[in-house]
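Working notes, structure below.
The values are calculated or read from the model by the stated rules, or taken from the named source; none is laboratory data. Quick caveat, the model's predicted, so the values are computed rather than measured. So basically every Cβ, Gly included, is an ideal-geometry build from the backbone, and we count neighbours across all protein chains shown. Remember, those area values only see protein heavy atoms, side chains included, never the ligands or the DNA or RNA. Shrake-Rupley method; radii C 1.70, N 1.55, O 1.52, S 1.80 Å.
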Amino acid sequence: MPERDPAHGVRADAQRNRRQLIVATRKAIESRGLDVSALDIATAAGVGVGTLYRRFGTKEALLDHVVLGLYDELCDTAQVCLERPDPWAGLAEFVMELAGAHRDSRGLAEVTATCERPPSPELAQRTAALQDAVARLTERARDAGALRADVTWQDILICSRAALDTDHCLGVDAGPEGWRRVVTILLDGIRAPGRTPLEEPAPHVHQAR
């Protein structure tokens, strides 16, 4: 007789398979992005493809579940940063964390870069929550006189992706943690007072259709 969870009446092996699929998917999209097959995920999780479909219905539903989890972690991080007493420290910490999240997960970086297709309602809600948090982090730093006045929260989001392609250039090797150096230099560039006026238009929020 299969073991059941007494609290929920769910088979313990079904819960274990679900957890293994989530962990395997997260690891798969970290290195390979969203273009990963159901078979590869199931194999890494140590289960059959049929188990994946029984637990989540479709591969896309499993991917959505994992990506939403990554977004929730970012939302939690943003809330922690908003509670930092030093507004600049809170903003700088979040930019570094977001840049690191983009580096750590190719799949996450692919999702945050997507503007052309409408997101799911759940992803749209998380996106709006993150935008609001970054706007508040930006406003706090600006009001404290720590952030240059012409830098917007949209600039902050775009800047968080600057570390994605920082490994090599013309024979120079940045090293595994070189992206942190790049983000630190970038943060100093947006800190008040700014030296060079920003003449180009600021980034804008894409309206998905």
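Looking at the structure I just gave you, is Arg106 open to solvent by 60 Å² or more (accessible area, probe 1.4 Å) and within 18 Å of Ser31 (Cα to Cα)? Yes. Here the condition is being closer than 22 Å to Ser105 by Cβ, among the hydroxyl-bearing types (Ser, Thr, Tyr) and open to solvent by less than 50 Å² (accessible area, probe 1.4 Å); of Thr152, Thr127, it holds for Thr127 alone.
Checking each residue in segment 138-181 for being over 18 Å from Asp86 (Cβ atoms) and of a type in the set (S, T, N, Q) picks out Thr152, Gln154, Ser160, Thr166. Once segment 138-149 is narrowed to residues that are aliphatic (A, V, I, L, M), modelled with pLDDT of 95 or more and more than 20 Å from Arg180 (Cα to Cα), the residue that is least open to solvent (accessible area, probe 1.4 Å) is Ala141. Confirm whether Ile158 is open to solvent by 50 Å² or more (accessible area, probe 1.4 Å) and either within 19 Å of the chain's Cα centre (by Cα) or under 21 Å from Leu130 (Cβ atoms) (or both). Yes.
For Gly100, the conditions (1) within 30 Å of Val36 (Cβ to Cβ); (2) open to solvent by 20 Å² or more (accessible area, probe 1.4 Å); (3) of a type outside the set (Asp, Glu) all hold with the exception of (2).
Summed over segment 162-194, the residues that are open to solvent by 70 Å² or more (accessible area, probe 1.4 Å) and in a loop (DSSP other than H, G, I, E, B) give a count of 5. Which residues, counting only those in segment 46-58, are open to solvent by 40 Å² or more (accessible area, probe 1.4 Å) and not in a loop (DSSP other than H, G, I, E, B)? The answer is Val49, Tyr53, Arg54, Arg55.
Note on segment 9-36: residues that are open to solvent by less than 20 Å² (accessible area, probe 1.4 Å) and among the hydroxyl-bearing types (Ser, Thr, Tyr) total 1. For segment 73-87, the set of residues classified as among the hydrophobic types (A, V, I, L, M, F, W, C) and open to solvent by 20 Å² or more (accessible area, probe 1.4 Å) consists of Cys75, Val80, Leu82, listed by residue number.
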